[in-house]
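Have a look at the structure below, then the notes.
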Amino acid sequence: MVTYIIRRVIGALAMLLIVSIVTFAIFFLVPRLAGATPEAFAARYVGRGASMDTIRLVAERLGFYDPVAVQYGRFLKGIVAGTEYDTGAGVDHCPAPCFGYSFITQQPVWPNLMDRSRVTLSLGIGAAVLWLVGGVATGVLSALRRGSFFDRSAMGIALAGVSLPIFFTGMISLSIFSYGLGWTAPGGAWVDVTIDPLQWAYNLLLPWITLALLFAATYARLTRAGMLETMGEDYIRTARAKGLVERGVVVKHGLRAALTPIVTVFGLDFGLLMGGAVLTESTFSLNGLGKYAVDAIKNNDLPAVMGVTLLAALFVVVANLVVDLLYAVVDPRVRLA
Amino acid sequence: MTAFLDVKDLRIHFPTDDGLVRSVDGLTFSLERGKTLGIVGESGSGKSVTSLGILGLHKGGRARMSGEIWLDGEELIGASADHVRRLRGKKMAMIFQDPLSAMHPYYTVGDQIIEAYRIHHDVTKKVARKHAIDMLGRVGIPEPTSRVDDYPHQFSGGMRQRAMIAMALSCDPELLIADEPTTALDVTVQAQILDLMRDLQREFNSALIVITHDLGVVAELSDDILVMYGGKCVEYGAAETVFYDPEHPYTWGLLGSMPRLDRERTERLLPIKGSPPSLINVPPGCAFHPRCPYAERTEGRAETEVPELLKTSPGHLVRCHMAPEERRRLWESEIKPMLETT
Amino acid sequence: MALAACAGSPTQTPGQGQSAPAATGATAGGTEVADAAVGKIYNPSDKKGGTLKMANTADWDSLDPGNTYYGYSLNFARLYGRALLMFKAAPGTDGNTLVPDLAESVGKASDDAKTWTYKLRKGVKFEDGTEVTSKDVAYAVARQFDKEIHPNGPTYLNALLDWPKGYKGAYKSKDADFSSAVETPDDQTIIFHLKEPFGLFDYIMQMPMTMPVPKDKDTGTKYQEHVISTGPYKFEKNEIGKGFTLVRNDQWDPATDPNRPALPDRIEVQTGVNADDVDNRLISGDVHIAVDGLGIGNAALPKVLPDPALKARTDNPVQQRTWYTSIIPDVAPLDNVECRRAIAFAADRNSLYRAYGGETGGVITTSLIPPSMAGYKPIDLYKSEGDKGDVEKAKAALAKCGQPNGFETNIAYRTERTKEKAAAESLQQSLARVGIKLTLKPYPQDDYFALYAGKPSYVKENKIGLAINGWGSDYPDTYGFMQAITDSRDIRDAGNYNLSVKIPEVDKMIDQIKAEPDAAKRADMWSQIDHMVIDQAVVMPSVASKALYMRGKGLTNLFISDSQQMYDYVGVGVQQ
Ligand SMILES: Nc1ncnc2c1ncn2[C@@H]1O[C@H](COP(=O)(O)OP(=O)(O)OP(=O)(O)O)[C@@H](O)[C@H]1O
Ligand code: SF4
Ligand SMILES: [Mg+2]
């Protein structure tokens, strides 16, 4: 078990290294092919009408005159050993893991990422609870009343839920519920859970529901299929033969087995989501990792792009590991090797 | 005055897209406490459907049930689903075919026995666990204290079957149905399990129904034997009678294809040709006639007229158009010698 | 008392005296009128209090007054900082007036216009209560000199002032004497020494670069996180990338500040808000003003325009911004002026007008200088019936050029900009009428000037004959608009906004304008330059841009000034 985890962690680190190299390369090599000089890169980070002197100074400061490999090395060094940053008026110390300073806001990336991940985590957890409860409950009921009106309408809605884009549903629900009826908070509303948990939940309610609808649909279909399969298993008959009440049979025996694939899918979904619920955050103007990533890419903000890409990759890798470990817990027949 | 278990004209039909499946079609039998009934028949003859029907496990499904099932003076087909549920596991229990799939793979053997016990007994988990260990010990699982926490897949086939038995017996059921308890096991283990069941039955004085393909198994264990074919009873009587003086050609076939300890097991003497009948389009007349070597001896009635289950001697019922004398003659002069010669 | 300069009289409607009284705007429950804040004050009021809520679809380049250049930032910075001068907070052309802010009066120039002297008002304090001195202004100017640390701000002062040789700014040349550029003989006086005469220096002095910065509070790149206020508002909380809150600065003394009514008690700004959401919130009244000054987005237009109630809440001013097409003489056969003229004749300007959004997007223009700027004159060189282009004249020009059957070339535009794409397609169609075949070349806007349409070598190699461009001015003087896009001496290896105007006479005349003290003469010279550029057909103007702004609900004292070209953030207030 321990060796298994160690092996997976080493694999994950290698994976992150590759992701970072690819990201770095895309940033530099694609414009290079179009003939970008160090100054052309630097020109993205100066005000309009900046003089050539300004552009050269900025190119120098951002290290664009060094070979890409050297720049990458500096990035890695910052992560393991931290770095120092000249603010003009003094020197700022950026302790490891230092993803550098934003080319745009001049702010250290790491604290920003940590701050943003609170938003994404809040969004993700609330939505996950809703979609798990809603999706699984719908799926179970649909499976138990297979072919009924409830089943058919639930599955119809589920199909629509999966196919409707969130910026569409998000915008519509904002206009109706926030601006029309005033029931929910407007876009961009946010307060940390530690400050005011009630307000936190109120602010996030609409994003939660919108995001959850998208996922709940998938989970309802998944659960329905799983339940239809497990409820036909012999051990269900055994449970009934023991005299167990039907609810116990469904939940403790049927659902327990049907949940296994759902745990897997959920782990991966949640990992991906933690890397940034890009569309939801943009639609609702929530300052999470997803919006950070979009802004970073839009602004060609390399350190921010690197930071958020690596963090997202880390979440996915961790989610994968957790899912595999969890699988062994959920299904005792699975052996980790 | 009815028997402890009294099944009268039991019919269990399943409407399907292809037509009505008559899995059980007019079954009547009875059983007393402390006695054992063996039900034999080929695959698909309706044995499992019958036992699930007695336990009320078709309730809520799409099965159509009719007839009467009396258990200890109570009729079960008309009783409420919840009432039958309360009896299940406590008053009547079942040992299932194929214990690997019949036990939940995600729960330990102990947990599953504990669950069975606690449904009917208001005790703490600790007490129930002690009981589960006890039960595992009783059915011959070595070191039950540690094995109680194993998962089904960590048990061998024989141990799983013992665990299944332990689970079924955990609430001292008065009626125990064992659905092919030994099919998946090798002969030595088979013998052990059968011994175990006999011992336990004596100990608990319960009524036992043993279901199997294998006449040999029931012959050792049963007081009565019921032979099923195509959802119907074709021969029913005391074990010795059915085993030593069978009168139905299908029973002869079963005996002929019975593996015996004194012979090569793979060898089948009188194989029954053909395959079991469709339960949707049951052959007209005698359901067995397409496969019966004696069908032409009934002057064409076999194809047109459904034979009745008739008393041929006290306590012995047979469903065949052939005259009883003819049947006995055939048995004595042709079948029996063939079975004995080799 | 503090209102005097700006919201003094509600009838103040410069240049647009024809408007009915109702057009001064609506009170709560009153009727809304479109363009109520154009050239006049919407809902005039001097009532203080309330919270002004603003949303920004993007983010500031920086809140640091020494490191910012965005138009809305220059407008907004005046809420928390006081430069030497400022534009009067007044509607329409009146808002073009430079008035003293930190200084007691506008600059006193030496006869050669090379030395500019300003006297500071007494009693102006930083938010911590320390008195502002001329040294703080000098320090602000010296720190913004360091473009490595502050790369966003305008470079005017670096270029104009007579800095000592090798000077690197307040950080790297810490104790260096830079009195050759900026002198502070006493705490109240600041003198700027220019390398060359520059008559428009006052326009530079209104920019946030001259907002004082206390040296001991300067944290370089981190100063943006807490700018020390001298204006009526100071930062209560500032989360870069998310938003900030301004509250009243109790050290601000209205007696020293005749320009700012400072109506709201509190100003909340959210940044990085989804653009469609901002429009929805403006409509619902959840937000008062969209800070970015870009106007209503494409998604909300079809909702707003057909709805009279919503349209009545919009303002649609003509801006000092021109959308035009560069015709690049480096690319054959456009080196021949007749071939360039053929394009100018053939273009369907009515279709271009529609490409840029039609009625609410702009007005057809024939000159580069925007209508509200000095020197603007309609130039009727390429007139055509219904502005649909003159095919005959275009063919004649082609014949003179030696390309009677037309020619092929490429047209560049910014991928992300749907209007520019539509403009390029419009040209493709109308030029095809005379056999000029255009191939569309979209480029990413981030690198449009640095790598593609602003890079002479790329343009030549890839035969980019036409490039869709647009230009707006930094400050409301024609110099600020025209110099950057007509002076050929500024053309460099890459990153050019202009590479098609390369006319020696124009360059010469620009030098004359710099030294010309008479504004009327300057205006006349700009008209001549404009005419030359259009006559040479190196630039083909399409529309003078109009913006479509939406007023949130419950605003008071709102107006668009010609200097800001969007709602003036100094004047505005909210109802309670
Ligand atoms: N729920 C059901 N729906 C339709 N048909 C069913 C259902 N359950 C059982 N049957 C049919 O009833 C018939 C009898 O099945 P049953 O399981 O009782 O056979 P069996 O005698 O137990 O056979 P085996 O020895 O293989 O266990 C089979 O043909 C089966 O297909
Ligand atoms: S009735 Fe005829 S066909 Fe049926 S078992 Fe008897 S002999 Fe065979
Ligand atoms: Mg069976």
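Quick notes on this structure:
- Sites C:Glu131 and A:Val251, calculated FRET efficiency, Cβ-Cβ separation with R0 60 Å, nearest 0.05: 0.20
- Averaged over the residues of peptide C:272-283, the number of Cβ atoms from other protein chains lying within 10 Å of each residue's Cβ is 6.
- Given +1 at the Cβ of Lys and Arg, -1 at the Cβ of Asp and Glu and no other charges, the dipole of the protein assembly as shown around its Cα centre is 520 debye to the nearest 20.
- Dipole axis of the stretch A:59-184 (+1 Lys, Arg; -1 Asp, Glu on Cβ), positive-most option in A:Gly156, A:Thr87, A:Gly126: A:Gly156
- The residues B:Val123, C:Val137, when put in order of fewest to most other Cβ atoms within 10 Å, stand as B:Val123, C:Val137.
- Note on A:Lys77: lysines with a C-alpha under 25 Å away, same-chain residues under 8 apart excluded, are C:Lys222.
- The mean number of partner chain beta-carbon atoms within 10 angstrom of a residue's beta-carbon across peptide A:167-179 is 3.
- When only the Cβ of Lys, Arg, Asp and Glu is charged (+1, +1, -1, -1), the dipole of the stretch C:318-546 relative to its Cα centre reaches about 520 debye.
- Computed magnitude of the charge dipole of the stretch A:111-330 (debye, nearest 20; Cβ of K, R +1, Cβ of D, E -1): 780 debye
- Spacing of the two label points (7 Å from each Cα toward its C-beta) at B:Lys8 and C:Ala255, in nm: 11.4 nm
- Antiparallel bridge percentage (DSSP; both residues within chain C; nearest 5): 70 percent
- Highest average first, the peptides C:62-72, C:191-201 ordered by how many other beta carbon atoms sit within 10 Å of their residues are C:62-72, C:191-201.
- Separation of the alpha carbons by more than 24 angstrom is noted, of C:Lys119/C:Lys172; C:Lys135/C:Lys165; B:Lys91/B:Lys311; C:Lys174/C:Lys217; C:Lys47/C:Lys217; A:Lys252/B:Lys126, for C:Lys119/C:Lys172; B:Lys91/B:Lys311; C:Lys47/C:Lys217.
- Electrostatic tally near C:Val124: other residues with Cβ closer than 10 Å to its Cβ, Lys and Arg +1, Asp and Glu -1, net -1.
- Cα-based shape type of the stretch B:247-340, given that a ≥ b ≥ c are square roots of the gyration tensor eigenvalues and the cut on a/c is 1.5: oblate
- Those aspartates and glutamates that a straight Cα-Cα span of less than 20 Å connects to C:Lys388, excepting residues fewer than 8 apart in one chain: C:Glu338, C:Asp348, C:Glu359, C:Asp380, C:Glu420, C:Glu425, C:Asp535
- Considering only the protein assembly as shown, percent of DSSP beta bridges that pair antiparallel, nearest 5: 70 percent
- Average other protein chain Cβ within 10 Å of Cβ, residues B:90-96: 3
- Neighbour-count ranking [beta-carbon atoms within 10 angstrom, fewest first] of B:Leu215, A:Leu321: A:Leu321, B:Leu215
- Unit charges at the beta carbon, dipole of the protein assembly as shown: most positive-side option, B:Val7, B:Ile133, B:Ser146: B:Val7
- Charge context of C:Glu239, other residues only, Cβ under 13 angstrom, K/R +1, D/E -1: -2
- Among A:Trp183, B:Trp70, the ranking by other beta carbons within 10 Å of each residue's beta carbon, starting with the fewest, stands as A:Trp183, B:Trp70.
- Note on A:Ala25 and A:Arg118: with the Förster distance fixed at 30 Å, the Cβ-Cβ geometry gives a FRET efficiency of about 0.45.
- Angle between chain B longest axis and helix B:125-138 axis [Cα atoms, degrees, rounded to 10]: 50 degrees
A short reminder: the numbers here are calculations on the coordinates, not readings from a lab. Not measured: the values here are computed from a predicted model. Note that we place each Cβ from the backbone using ideal geometry, even for glycine, and neighbour counts take in every protein chain shown.
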